[in-house]
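K.L.:
Quick one: the structure is below, and I'll ask about it shortly.
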Number of protein chains: 2
Amino acid sequence: MKSLSTATLANGKQTDVFLADDLKDLSERLGNYGRSVLWVFDTNTATLFKQLPPANVVLDSGEIAKTFSSVERILATAIDEGLARDGRIIGFGGGVVCDMAAFAASIYMRGCKLTLVPTTLLCMVDASVGGKTAIDFKGLKNMVGSFYPANEVLICMDTLRTLPEKEFLNGLAEVLKHALLSQDEHLYRFLLTKKNEILARNNETLQTLVTLSLAVKQWYIEQDPTETLGIRQMLNLGHTFGHALEASAHFSLGHGIGVAWGTCRALEAGVTLGITDKAYATGAIKLFKSYGYDIDYRIGRGDWIDFRERLMKDKKKMNGQVLFVLMESQGKAVLRPIETALVQHLVIAKPIF
Amino acid sequence: MKSLSTATLANGKQTDVFLADDLKDLSERLGNYGRSVLWVFDTNTATLFKQLPPANVVLDSGEIAKTFSSVERILATAIDEGLARDGRIIGFGGGVVCDMAAFAASIYMRGCKLTLVPTTLLCMVDASVGGKTAIDFKGLKNMVGSFYPANEVLICMDTLRTLPEKEFLNGLAEVLKHALLSQDEHLYRFLLTKKNEILARNNETLQTLVTLSLAVKQWYIEQDPTETLGIRQMLNLGHTFGHALEASAHFSLGHGIGVAWGTCRALEAGVTLGITDKAYATGAIKLFKSYGYDIDYRIGRGDWIDFRERLMKDKKKMNGQVLFVLMESQGKAVLRPIETALVQHLVIAKPIF
């Protein structure tokens, strides 16, 4: 197991990210934690074990489990198992499992130890590092949560082998987003030139991809761990449009697809407002398309009211106005409000270029 | 309204404590927050207003409201009212109201603004400053929560006028505890010499009492905001014994009574173990008695198993052993395990000196 990076986050807490050689390497590490641990799986990741560790919670798989009742189940089991404040919760799964494990860890006795083992590409490059935890509440995505960085994140590419194609593309959308936000063009060029190896999930290629992508995320979150300085918010590129799309489709579309679609809408908005260079936007949208995302998707006219209402619930608000992340150029993002008429035009009209 | 102090707490966040001259002064300040606020009351404090502010939640009064469902009610109302991340939750009431308002504020959109208006002595000197929030869970006190300091705490002695005697004594127990933990003897001597004025709730006397008491708490919490360095834990003097007593009595006794009783048990334990000076312990126990606390109370033999089990759920554990705060001398506390036989002797036997 090799050390990938150490991120210094909220409250000065550090997250150590490790890359496991294979599943055996991963198991050895996890076996070393001893007894005062509680494991959190979902019905998918629980099947990866011949025999589950004794103290465990198995959540339903998918966004449906991002609820208070999942968090309460974890907390109740922790109490039943006598987990102390110096005990550890291990989240073993995708973003939902890691979010639930982390949110529970953040409030169990006001905070216990936390290890995350992300088993999806999305969770590896996004949810597992950065300390944001959340549940969906009253039909709104990530409305309630906390900042609570994991003590350790253990990444093992072997866990991606059985990941469904749609899930893989969910994660890749965040990688593409990070490529635009990166201060250099390394990741962007890697995505342009290594498409076949990436889609074939070549182990070594994915290691590089995840490492480059995490470095971009880390650059943003270390400067602004609790998202109060307007820097970390840039990682929400594509998410304002994307979350509203996801929510109005009742979360059936998948997070990454929403982000890919939303990022392209933000690029188009930037071009229209004279903020984004047109050639840069066109190139980036082409890159998204080359990975198979349905960028040309538009919502039906009848769904506009619902979409707009969900958009208005976005957390990035100032003085009542929703703010969007728009790109000036490679690695340079800004927060801007967008007039409702332009939003409507972008999400229900034909593509504008 | 005058500024009392500024405490720098978890995550570098500051809590400004203000002392209002009277209710009018308090109202003016609260009126200045504008519209993006949500008020939290309980059925007692809600009656202090002729007309409640439009966005409000009124919780049941008492420990029974320290639940997830109270927190969920606050969060749901915040969403219904369109409260943004830069909005503010105002907790107006005692410890339970302030804890629920603060816990909800800590997880609403991963944290919104928070103002606390403590209306009990206990909450003024304890819960409102320090950033600890919690709910009871599975019958265990403060088992789930977060560290989330308020932006502002507004103290107004006029709110204490109608406080029942038992509630007043609940708060006074924490003041007495702070007197033992203080680095100087100022507060201890104030309690010795001003008993009549304190019990008569003389406005000016209470202002001095609260100011001195808060200064002690602040000394401990500023050095160790998230209770990871073994300093802040000293504020738990009396709480390990006290919580177990409260819990085994199903929270009917009141927090302060438990703390007073628990502090005296800890003083006795310290004397038995040769840690606490006997004359110091005798004097301190006498001070508690002089304020009317039932220090000689002992649990019935048949309640011992239940008491011990609740004691074992205490959060201050290391390697499976519960740690107790014991006093070496004025202002000098240490964390020590205590043998079960001695605990049993202290809580069910006759007083030992």
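K.L.:
If you go through the range B:196-218 one residue at a time, do you hit one that is within 14 Å of another protein chain (Cβ to nearest Cβ), β-branched (Val, Ile, Thr) and within 26 Å of B:ALA46 (Cα to Cα)?
P.N.:
No: the range B:196-218 contains no residue that is within 14 Å of another protein chain (Cβ to nearest Cβ), β-branched (Val, Ile, Thr) and within 26 Å of B:ALA46 (Cα to Cα).
K.L.:
Checking the conditions here, which among A:ASP158, A:ASP136 is within 30 Å of A:TYR108 (Cβ to Cβ), acidic (Asp, Glu), surrounded by fewer than 24 Cβ atoms within 10 Å (Cβ to Cβ) and within 14 Å of chain B (Cβ to nearest Cβ)?
P.N.:
A:ASP136 is the lone residue from the list that is within 30 Å of A:TYR108 (Cβ to Cβ), acidic (Asp, Glu), surrounded by fewer than 24 Cβ atoms within 10 Å (Cβ to Cβ) and within 14 Å of chain B (Cβ to nearest Cβ).
K.L.:
From the set of residues in the range A:50-62 that are polar (S, T, N, Q) and surrounded by 17 or more Cβ atoms within 10 Å (Cβ to Cβ), which is modelled with the highest pLDDT?
P.N.:
Checking each candidate, the answer is A:ASN56.
K.L.:
Being under 23 Å from the mean Cα position of the chain (by Cα) and on the phi > 0 side of the Ramachandran plot is the filter here, so list the residues in the range B:40-82 that pass it.
P.N.:
Answer for the range B:40-82, where residues must be under 23 Å from the mean Cα position of the chain (by Cα) and on the phi > 0 side of the Ramachandran plot: just B:GLY62.
K.L.:
Sort through B:GLU174, B:GLU167, B:GLU152 and tell me the only one that's open to solvent by 10 Å² or more (accessible area, probe 1.4 Å) and either more than 15 Å from B:VAL97 (Cβ to Cβ) or modelled with pLDDT of 95 or more (or both).
P.N.:
Exactly one residue qualifies, and that residue is B:GLU152.
K.L.:
Oh, and also: Of these, A:ALA7, A:ALA76, A:ALA65, which one is within 14 Å of chain B (Cβ to nearest Cβ) and either buried (at least 22 other Cβ atoms within 10 Å of the Cβ) or not β-branched (Val, Ile, Thr) (or both)?
P.N.:
Just one listed residue meets the conditions, A:ALA76.
K.L.:
Restricting the search to the range B:70-108, which residues are of a type in the set (Phe, Trp, Tyr) and within 21 Å of B:ASN11 (Cα to Cα)?
P.N.:
Within the range B:70-108, B:PHE103, B:TYR108 meet the criteria.
K.L.:
Let me ask another. Being modelled with pLDDT under 90 and surrounded by 15 or more Cβ atoms within 10 Å (Cβ to Cβ) is the filter here, so list the residues in the range A:10-24 that pass it.
P.N.:
Within the range A:10-24, A:ALA10, A:ASN11, A:LYS13 qualify.
K.L.:
Scanning for something modelled with pLDDT under 90, closer than 16 Å to B:LYS141 by Cα, more than 14 Å from every other protein chain (Cβ to nearest Cβ) and open to solvent by less than 20 Å² (accessible area, probe 1.4 Å), does the range B:314-337 turn up at least one residue?
P.N.:
Checked against the condition, which is being modelled with pLDDT under 90, closer than 16 Å to B:LYS141 by Cα, more than 14 Å from every other protein chain (Cβ to nearest Cβ) and open to solvent by less than 20 Å² (accessible area, probe 1.4 Å), the range B:314-337 yields no hits at all.
K.L.:
Would you say A:ARG265 is of a type in the set (Lys, Arg), open to solvent by less than 10 Å² (accessible area, probe 1.4 Å), in the same structural domain as A:ALA341 (by TED's automatic domain parsing) and out of contact with any Cys (no Cβ under 7 Å at 6 or more places or on another chain)?
P.N.:
When the stated conditions are applied, A:ARG265 passes them.
K.L.:
Quick check: anything in the range A:26-37 touching a residue at least 60 places away in the same chain (Cβ under 8 Å), touching a His at 6+ places or on another chain (Cβ under 9 Å), charged (D, E, K, R) and surrounded by fewer than 21 Cβ atoms within 10 Å (Cβ to Cβ)?
P.N.:
Checking the range A:26-37: not a single residue is touching a residue at least 60 places away in the same chain (Cβ under 8 Å), touching a His at 6+ places or on another chain (Cβ under 9 Å), charged (D, E, K, R) and surrounded by fewer than 21 Cβ atoms within 10 Å (Cβ to Cβ).
K.L.:
Name every residue in the range A:244-257 that is in contact (Cβ under 8 Å) with a residue 40 or more places away in the chain and either surrounded by fewer than 15 Cβ atoms within 10 Å (Cβ to Cβ) or not hydroxyl-bearing (Ser, Thr, Tyr) (or both), in order of residue number.
P.N.:
A:ALA244, A:LEU245, A:GLU246, A:ALA247, A:PHE251, A:GLY254, A:HIS255, A:GLY256, A:ILE257
K.L.:
Out of curiosity, is A:PHE147 more than 18 Å from A:ASP60 (Cα to Cα) and either open to solvent by less than 10 Å² (accessible area, probe 1.4 Å) or assigned by TED's automatic domain parsing to the domain that holds A:ARG29 (or both)?
P.N.:
So A:PHE147 passes the test.
K.L.:
Out of B:GLU197, B:GLU165, B:GLU204, B:GLU185, report the one residue that is among the acidic types (Asp, Glu), closer than 20 Å to B:GLU328 by Cα and out of contact with any strand residue (DSSP E or B) (no Cβ under 9 Å at 6 or more places or on another chain).
P.N.:
Exactly one residue qualifies, and that residue is B:GLU185.
K.L.:
Return a yes/no flag: does the range A:115-124 have any residue that is assigned by TED's automatic domain parsing to the domain that holds A:LEU26, open to solvent by 10 Å² or more (accessible area, probe 1.4 Å) and over 22 Å from A:LEU199 (Cβ atoms).
P.N.:
no
K.L.:
Considering only residues that are open to solvent by less than 20 Å² (accessible area, probe 1.4 Å) and away from chain B (no Cβ under 14 Å), look in the range A:286-313 and name the one that is farthest from the chain's Cα centre (by Cα).
P.N.:
Of everything passing the filter in the range A:286-313, A:TRP304 is farthest from the chain's Cα centre (by Cα).
K.L.:
If we only count helices (runs of 4 or more DSSP H) wholly inside the range B:181-264, which ones have 2 or more residues that are at pLDDT 90 or above and closer than 24 Å to A:ASP86 by Cα?
P.N.:
In the range B:181-264, B:203-223, B:239-248 are the helices (runs of 4 or more DSSP H) which contain 2 or more residues that are at pLDDT 90 or above and closer than 24 Å to A:ASP86 by Cα.
K.L.:
Hey, another quick one. Sort out which residues of the range A:45-102 are touching an Asp or Glu at 6+ places or on another chain (Cβ under 6 Å) and either over 23 Å from B:VAL144 (Cα atoms) or among the aromatic types (Phe, Trp, Tyr) (or both), and write them in order of number.
P.N.:
A:SER61, A:GLY93
K.L.:
Another question about this same structure. Identify, from the list B:LEU192, B:LEU181, the residue that is among the hydrophobic types (A, V, I, L, M, F, W, C) and open to solvent by 30 Å² or more (accessible area, probe 1.4 Å).
P.N.:
After ruling out the rest, the residue left standing is B:LEU192.
The values are calculated or read from the model by the stated rules, or taken from the named source; none is laboratory data. Everything quoted here is computed from the prediction, not taken from an experiment. FYI the Cβ positions are ideal-geometry reconstructions off the backbone, even for glycines, and counts take in every protein chain you see. Ligands, DNA and RNA are stripped out before the accessible areas are found, and what is left, the full protein with its side chains, is counted by its heavy atoms. Shrake-Rupley method; radii C 1.70, N 1.55, O 1.52, S 1.80 Å.
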